[in-house]
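**Student:** Can you keep this structure in mind? I'll have questions shortly.
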Amino acid sequence: NISDESHEKVKEILLKNADVFTKPDSQWGFCTETEHVIELVDPTPFSMQPYTTSDANKRFIQQEIREWEKNGIIRPSKSPYASPVIVVDQPHHETTPKRLCVDYRFLNARTRQRAYPMPRVDSLIRKITGSKYFTKLDIKKAFLNIPLREEDVAKAAFVTEDGHYEPVRMLFGLSTAPATMQCVMNEGLRELIDTGHVCVYIDDVCVHTNDLELHITLLEKTLEIVKNLGLRVDIKKCEFVTSSIPFLGLIVSSEGTAVDPKRIAAVANYKTPRSKKDIRSFLGFASHYRKYIQDFAKIARPLTELTRKDALLTWTQECQNAMDTIKSKLIAAPILANFDPSLPTEVYVDASQTAFGAVLVQQHEGRQRVIEYASKKVPASDQHKHSTDLEAIAAHWAITDRFHQYLQGLPHFTLYTDNWAVTHLMSKKNPHRRFARIVLDLASYNFSVKHVSGKANVAADSLTRLLAPVNHIFVLQAQDSRLGEAQRSDPELNAIIARLESNEEAENVTEFRIINGTLRHVTTDGSKEALRVVVPSCLKNAILTCYHDDDGHSDPQRTMAKIQKRYYWSRMNNDITGYVRGCEKCQRYNSPTGVQSRLLHPRAPPTMPFEQVAIDHVGPIHTADPNKYFITAVDVTTRFIITSPVPDKSTEHLLRFIDEKIVCTFGIPRVIITDNDKVMVSHAMQKYVSDHHIEHTLSVPYAPDTNGLVERANGKVLPALRKNIDTDIHHWSAYLSRATFQVNCQKHAGLGTSPFKLLYNFQPRLTVDNELNIDADELDSIETLREESNHNLTNYLKGMKQRYDSRHRAPPYEVNDEVWYTSGARQGKLGVLYDGPYHIVDITNGKYTITRELPGGKEEKKFTTSTQLKVYRGQPDFDKVFNIDSMYEHLQPEEEPHPLPEKSSIHSSTREKRLPLWLKDYVLTDNYCEDAMF
């Protein structure tokens, strides 16, 4: 909303500086003010192989390389340095869904980092918010406008599958590139930045003023400087003289800041993460807007837990709920007010055992406006501390850390807390040593502390409150009339009560009594009689939850012993056993006991050598020897072993081994058996077996015994290798061939002869044979030898199966059964062992195919063995007609309709609420059960 005259002035300025804007035939600028420098800590050249990529990405790389060459960004290279390129997908980007980048991680690790200060995003946003007029300029392909110093060009060289190139401009991915770009912009626009009306963040320039004439003048100067620097501006991404602009992911205006709806539209389309990298990406995006979201730390906790190094990636419904909640809160994010140091300022804090919460508020025109929300996960080292300590730490964090930039230097502000001890902390002459540092740090701030009731401190308290409802644990009191009401609502117990009240003799109810209006069961222990409460069906679940879930998850016998002391119901043994065995936590965390449910399924040996070959890697072997691994291959027919040392686990070495040691020596095998290592399932490996029409069979993940033949071969070669090398471990690869030869010459128990003789039809001569002039054995008929060995091996495998099966039991699983799955490793010492439940969809030769539906409708499929499975058990479904919630519904806290609390002074008193009389005999606790008194 500017006048026509002002509009014409802006238009005239843009036309005058038309050269600064990009055109179809002039997309690139060239900065003459600086060069990008790469200083290496370690100048030793390195060369990396290009990454294997899809055909579509390969075409994209070729297209980008041609474009860069055409515009003089890169040139062919003979540099000793080489970094690989990678294509980054940008599905939410408006114009470029793909981006070509160079993986400079190895180069960056050797680069001396530049200590140039980068601006803080929150400081820039705070500086420009509240202005009336805004202009935003976007530098086109900013990094590519900066030339690379000639002597550093070779260091930044990169390789594709088609060539070797080196950039003469600064490419995205160099660790010091952002600092160089920021320095160029800061130095060029220094005079305008010092006015306080122009700010720069790398390649984004913002002009902001409250005066229109000043704004137009600064806009003209800014365009002239950018043009003189040799840079180009992308006019499609610019906005001129507007009342609000999108800047650094936010919408900034005179009213305050809000979330950019274009960026939030992208988050609504985020798919369910499939890796820790995906989760970190989502959290990184959402954290940019965390100040707009109450309770962000608490909501995001299930997701942040998955990003821990030792965390097992298990996407639960809790994780999906957290992600959905963050999405919805971002879409509905409020506009936060602009901070004004002249207005009354208030800070509300609260703390729980898991999170700190804080809200910064100011009084705008008689009403409270939120400046910023803040939350933080409580460090593990503080979680054991008393609530007073946590409240004090939360106040210290909110004032000295999170809101420091607002509160430092203010004439006065007010801190509100619901902890009485903290309200008096600052006024104590000699505070306890636990709080001495906190008091000392806060002494530089001018503020007063006021108490606010916990129920009224809704805004800060909501940042720390658990999402899940609190489970209220209760103990039944035998004399309560409500228990009698619940018993009469149970048809089975009501029939017993009716017979007892009719005063008719009945043999089936002699062990029951009615005492004080409730039904009791009489148990005789010798000469003593004990009365137990008879539990109606509607309360079974509550009692089982109390005595099992909330009392340490004991086994069925211990849980039953605890419950039987106080309570009785018919078929309680079956109900308790079914409930405990169906407990989901117990099933997830408990290790299996007893005999394993698995039978042996030996692989039938083929008749010809090297029809089937099993392959595996052994290592790493950490010695001075340049070879860190060796590859083992075993012929399934003859059990003949081939080994070869290699420096690393790479597809290149694996394929060379297969080609030279197997294919070019014994011919192409029909079947190759491997594990699921990334080298074994790589694109190059799949292409090789496909080109040679080889069937590639994979073992079950986390079950090395499903490729047991090569595992047993490794178990023979390694001891032989240790005995050969003795103390010369740093040259172990020189002894590998001898150790393998010795194993191949030994008689195999299943074959009845050695693998060497079965393959070559003779036993090799040894040194002692030559010394004693022993004649070589006569050659047997190779067909007869192999036929006998095959017969011996078949009988050997049958005997092995009988011995194995006698020590194990048949798996109880059938198709369509629900099961738990484990990889065999816990998520850390305290993590879950089993995941699920899954459905069995196929069983073939002892291998199971299991599936489950993930959030979002996707299906997850796994291949496993019976030893990695456990029967999924559901819990009994007890009658819940009687609403136990009514027993403590009056204890639930009332919802506060106002988002922020009413203030009260330090000396205000609170009135304790009295419980209803009918609740006097109930015990309500949060995390434990107390014994009932009878």
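The values are calculated or read from the model by the stated rules, or taken from the named source; none is laboratory data. Given the structure is predicted, the values throughout are model-derived calculations rather than measurements. Glycine also receives a Cβ, built like all others from the backbone with ideal geometry; neighbour counts cover every protein chain displayed.
**Student:** Which residues, taken from the range 809-841, are modelled with pLDDT of 70 or more and part of a strand (DSSP E or B)?
**Tutor:** Glu818, Val819, Trp820, Tyr821, Asp835, Gly836, Pro837, Tyr838, His839, Ile840, Val841
**Student:** Name every residue in the range 624-654 that is surrounded by fewer than 22 Cβ atoms within 10 Å (Cβ to Cβ), more than 23 Å from His693 (Cβ to Cβ) and among the charged types (D, E, K, R), in order of residue number.
**Tutor:** Result: Asp625, Lys628, Asp648, Lys649.
**Student:** If Leu171 satisfies every condition in (1) outside any helix (DSSP H, G or I); (2) under 32 Å from the mean Cα position of the chain (by Cα); (3) closer than 24 Å to Ser287 by Cα; (4) not aromatic (Phe, Trp, Tyr) but one, which is the exception?
**Tutor:** Only one criterion in (1) outside any helix (DSSP H, G or I); (2) under 32 Å from the mean Cα position of the chain (by Cα); (3) closer than 24 Å to Ser287 by Cα; (4) not aromatic (Phe, Trp, Tyr) is unmet by Leu171, namely (3).
**Student:** May I ask you to say which residue of Val267, Val252, Val259 is buried (at least 18 other Cβ atoms within 10 Å of the Cβ), farther than 27 Å from Leu212 by Cα, modelled with pLDDT under 90 and not basic (Lys, Arg)? Spell out how you get there, then give the answer.
**Tutor:** Numbers: Val252 fails: farther than 27 Å from Leu212 by Cα; Val259 fails: farther than 27 Å from Leu212 by Cα.
Being buried (at least 18 other Cβ atoms within 10 Å of the Cβ), farther than 27 Å from Leu212 by Cα, modelled with pLDDT under 90 and not basic (Lys, Arg) holds for just one of Val267, Val252, Val259, which is Val267.
**Student:** Oh, and also: Looking at the range 222-261, which of its residues are basic (Lys, Arg), more than 20 Å from Val121 (Cβ to Cβ) and out of contact with any helix residue (DSSP H, G or I) (no Cβ under 6 Å at 6 or more places or on another chain)?
**Tutor:** Passing the criteria: Arg232, Lys236.
**Student:** Any idea which of (1) out of contact with any strand residue (DSSP E or B) (no Cβ under 6 Å at 6 or more places or on another chain); (2) in a loop (DSSP other than H, G, I, E, B); (3) within 23 Å of Asn790 (Cβ to Cβ) is the one Thr665 doesn't satisfy?
**Tutor:** Checking Thr665 against (1) out of contact with any strand residue (DSSP E or B) (no Cβ under 6 Å at 6 or more places or on another chain); (2) in a loop (DSSP other than H, G, I, E, B); (3) within 23 Å of Asn790 (Cβ to Cβ), the one that fails is (2).
**Student:** Oh, and also: Among (1) crowded, with 18+ Cβ neighbours inside 10 Å; (2) in contact with an Asp or Glu (Cβ under 9 Å, 6 or more places away or on another chain), where does Phe657 come up short?
**Tutor:** Unmet condition: (2).
**Student:** Grab the strands (runs of 3 or more DSSP E) fully contained in the range 335-450, keeping just those with 3 or more residues being modelled with pLDDT under 80 and buried (at least 21 other Cβ atoms within 10 Å of the Cβ).
**Tutor:** Passing ranges, in order: 367-377.
**Student:** Follow-up question, since we're still on this one. Quick one: in the range 73-104, which of the residues that are at pLDDT 90 or above and not in a strand (DSSP E or B) is surrounded by the fewest Cβ atoms within 10 Å (Cβ to Cβ)?
**Tutor:** Ranking the candidates gives Lys78 first.
**Student:** Continuing with the same structure: When the range 11-58 is examined, which residues are found to be part of a loop (DSSP other than H, G, I, E, B), farther than 17 Å from Val102 by Cα and among the aromatic types (Phe, Trp, Tyr)?
**Tutor:** Selection gives Trp28, Phe30.
**Student:** Take the residues in the range 270-297 that are in a loop (DSSP other than H, G, I, E, B) and β-branched (Val, Ile, Thr), then tell me which one is modelled with the highest pLDDT.
**Tutor:** At the first step, the residues of the range 270-297 found to be in a loop (DSSP other than H, G, I, E, B) are 270-275, 288-289, 293-295.
Applying the additional criterion that residues be β-branched (Val, Ile, Thr) yields 272, 293.
On the way: Thr272: 76, Ile293: 73.
Top of the filtered list is Thr272.
**Student:** May I ask you to list the residues in the range 233-258 that are of a type in the set (Gly, Ala, Ser) and over 29 Å from Lys23 (Cα atoms)?
**Tutor:** Listed by number, the residues that qualify are Ser253, Ser254, Gly256, Ala258.
**Student:** Further, regarding this structure: For residues that are of a type in the set (Phe, Trp, Tyr) and either touching a Cys at 6+ places or on another chain (Cβ under 7 Å) or touching a residue at least 40 places away in the same chain (Cβ under 8 Å) (or both), tally how many sit in the range 607-636. Let's see the steps before the verdict.
**Tutor:** Start the filter on the range 607-636 by keeping residues that are of a type in the set (Phe, Trp, Tyr), which leaves 610, 629-630.
From the residues that got through so far, the ones that are either touching a Cys at 6+ places or on another chain (Cβ under 7 Å) or touching a residue at least 40 places away in the same chain (Cβ under 8 Å) (or both) too are 610, 630.
Of the residues in that region, 2 qualify.
**Student:** Could you list, in sequence order, the residues of the range 194-217 that are part of a loop (DSSP other than H, G, I, E, B) and either small (Gly, Ala, Ser) or farther than 21 Å from Ile139 by Cα (or both)?
**Tutor:** Residues of the range 194-217 part of a loop (DSSP other than H, G, I, E, B): 194-197, 202-203, 210-211.
Residues satisfying the conditions are Thr195, Gly196, Asn210, Asp211.
**Student:** Quick one: would you say Ser328 is within 30 Å of Arg274 (Cα to Cα), under 28 Å from the mean Cα position of the chain (by Cα), modelled with pLDDT under 80 and part of a helix (DSSP H, G or I)?
**Tutor:** Yes.
This table checks each residue for (1) touching a Ser or Thr at 6+ places or on another chain (Cβ under 9 Å); (2) basic (Lys, Arg); (3) part of a loop (DSSP other than H, G, I, E, B).
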site	(1), (2), (3)
Gln113	yes, no, yes
Pro119	no, no, yes
Ser123	no, no, no
Lys127	no, yes, no
Leu144	no, no, no
Glu151	no, no, no
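**Student:** Scan the range 550-575 for residues that are part of a helix (DSSP H, G or I) and closer than 23 Å to Glu529 by Cβ and jot them down.
**Tutor:** Across the range 550-575, the qualifying residues are Met560, Ala561, Lys562, Ile563, Gln564, Met572, Asn573.
**Student:** Under 8 Å between Cβ atoms, at least 6 apart or on separate chains: pull out the pairs that start in the range 270-284 with a residue that is within 16 Å of Asp324 (Cβ to Cβ) and surrounded by 15 or more Cβ atoms within 10 Å (Cβ to Cβ) and end on any residue that is hydroxyl-bearing (Ser, Thr, Tyr) and modelled with pLDDT of 75 or more.
**Tutor:** Taking only residues 6 or more apart or on different chains, the pairs are Ile279/Thr307; Leu283/Thr304; Leu283/Thr307.
**Student:** Kindly evaluate Lys628 against the criterion of being more than 19 Å from Ser737 (Cβ to Cβ) and modelled with pLDDT of 85 or more.
**Tutor:** For Lys628, the condition - more than 19 Å from Ser737 (Cβ to Cβ) and modelled with pLDDT of 85 or more - is not met.
**Student:** Could you list all residues from the range 240-249 that are modelled with pLDDT under 75 and among the aliphatic types (A, V, I, L, M)?
**Tutor:** Leu248
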